[in-house]
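Just so it is clear, none of the values below were taken in a lab; they were calculated from the coordinates. All values derive from a computational prediction rather than experimental measurement. Here the Cβ positions follow ideal geometry from the backbone for every residue, glycine too, while neighbour counts run over all protein chains shown.
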Amino acid sequence: MHNFAVTGVGGFVAPRHLKAITATGNRVIAAVDPHDAVGILDQYSFDVRFFTEFERFDRHLEKLRRGPAEARVHYLSVCSPNYLHDAHVRLALRIGADAICEKPLVINPWNLDTLQELERETGRRVFTVLQLRVHPVLVELKKRLDAATDRIHDVELTYITARGRWYETSWKGSEERSGGLVLNIGIHFRHADSGIQNPFPALGGTTRLTAWDVPVGFSFTKGGWLQSADRPLVREDAHLAIDLAHRAG
Ligand SMILES: NC(=O)c1ccc[n+]([C@@H]2O[C@H](COP(=O)([O-])OP(=O)(O)OC[C@H]3O[C@@H](n4cnc5c(N)ncnc54)[C@H](O)[C@@H]3O)[C@@H](O)[C@H]2O)c1
């Protein structure tokens, strides 16, 4: 059984981590979130040390590191806002834990170099959460593409989603804190593309989408991987449409 700690435990995605941690026979022993609406922890354990200040969380994890091996944190799940990821991953490595970090791992690519160096220095690992490649639709598409290796494929993915006005106010609507739409959402599609195509396709140009209240749409093709599309965002009809069209030529 491994011990987990979680950052951003009060947010939207953290419950999935809590569920997965316990479903795999492990346990959560510490968590941090500046917002303290974390009663959800009781669904998993009554013995999770919870902190609203990162510094106190850090101190507690450091104390555990110096105690018995079975009581220290083995994995840190990072579920905090994107711009904090690398800092929280560094805490994991410093206390001798592996990090399981939500996407995107970093906002600026040069922060990756530091994390890679720290992995080497500490001997610990950093894993990121990107799950689309195991989506049944994409697994099926990959099978079809793999079965026709001698042909050129034109894969088009359309994603339409709606968010209310809160999005503009939250960290997700801030390019500085989320990395913008391309990093916060588009990364899933880039990941799906790399999971489907083998060998890894060449990257084309990228388009940063910075206007938050304009239609959100992505058209993504091999070679020109992410482009904005002129699609209306229908707020009253929030829906997600993944429309995968596959043409073999
Ligand atoms: N893999 C996926 O499909 C998927 C889906 C949604 C979100 N995410 C990722 O999960 C992460 C969290 O997203 P979310 O939707 O849960 O956001 P959220 O805003 O609902 O939750 C983030 C939580 O982090 C907390 N937080 C803020 N500052 C903190 C700090 N200094 N230390 C600790 N916690 C802090 C916030 O109070 C909040 O409770 C993001 O990286 C996001 O990109 C991934």
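List the number of the failed condition for Phe12; all other conditions in (1) among the aromatic types (Phe, Trp, Tyr); (2) near the ligand (Cβ under 9 Å from one of its atoms); (3) farther than 21 Å from Gln131 by Cβ hold. For Phe12, the failing item is (3). Those residues that are more than 9 Å from the ligand (Cβ to nearest atom) and surrounded by 15 or more Cβ atoms within 10 Å (Cβ to Cβ), I need them from the range 32-44; list them, please. Within the range 32-44, Leu41, Tyr44 meet the criteria. Close Cβ contacts (under 8 Å, 6 or more residues apart or on different chains) running from residues in the range 3-24 that are closer than 12 Å to Ala37 by Cβ to residues that are surrounded by fewer than 14 Cβ atoms within 10 Å (Cβ to Cβ) and among the charged types (D, E, K, R) comprise Gly10/Asp36. Filtering the range 50-75 to residues that are surrounded by fewer than 16 Cβ atoms within 10 Å (Cβ to Cβ) and touching a helix residue (DSSP H, G or I) at 6+ places or on another chain (Cβ under 6 Å) leaves only Ala71.
One line per residue, one yes/no per condition, for (1) buried (at least 21 other Cβ atoms within 10 Å of the Cβ); (2) within 9 Å of the ligand (Cβ to nearest atom); (3) of a type in the set (D, E, K, R):
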residue	(1), (2), (3)
Gly8	yes, yes, no
Lys19	no, no, yes
Gly25	no, no, no
Val28	yes, no, no
Phe46	no, no, no
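For the range 63-106, the candidate set comprises residues that are within 16 Å of the ligand (Cβ to nearest atom) and among the acidic types (Asp, Glu); within that set, the residue that is nearest to Arg133 (Cα to Cα) is Glu102.
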